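Before any comments, here is the structure.
Since every read-out is calculated from the coordinates, none of them should be taken as a lab result. Remember, predicted model here, so these are calculated numbers, not experimental data. Reconstructed Cβ throughout: ideal geometry from the backbone, glycine too, with neighbour counts over all protein chains shown.
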Amino acid sequence: MEFLITVGTGSLLSVFNMAKIIIPLMIFMEIAKKYKILDRIGMLFKPVTNLFNMGEKSGLLLVIGLVFGLSYGAGAIIQHTEEEQVPKKDLILMMSFLSLCHAVPEDTLLFIEIGAKWYYLLGSRLFAAIIFTFFLSRTKKFRNDLQVEIE
């Protein structure tokens, strides 16, 4: 019985801690959307989205994933994807990039604590993500701008 209480309490605490981050992020997203801040953020990343042959709507998603990571940013990414109808091709490219390079501030600070050099860590993650996503975006399926169907 003690085990169930410990597991239940730990699970509730984890959900609460995630909600403390996700709910304010969603509120920020709504306010930013109302005042067109999201459009400006997306425009700042236009050179990056152009490099990967992605639409403008994907720039904000890259920012969210890079800053907040996949766990905390997932809610905002899903909401934005549904509201803005981001093409599946862009989603695959964005998630390919973020699978190699996400939660940059958090991960970098964690690894600095155990002695890693931030510039090697950040540089190698960004380099790998950029190169992989660039070449993926140039494959025949993406280059021809086909609708990629997720099966």
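Residues in segment 76-90 that are surrounded by 15 or more Cβ atoms within 10 Å (Cβ to Cβ) and not in a helix (DSSP H, G or I): VAL86, PRO87.
Looking across segment 127-143 at every residue that is of a type in the set (Phe, Trp, Tyr) and under 17 Å from the mean Cα position of the chain (by Cα), the one that is surrounded by the most Cβ atoms within 10 Å (Cβ to Cβ) is identified as PHE132.
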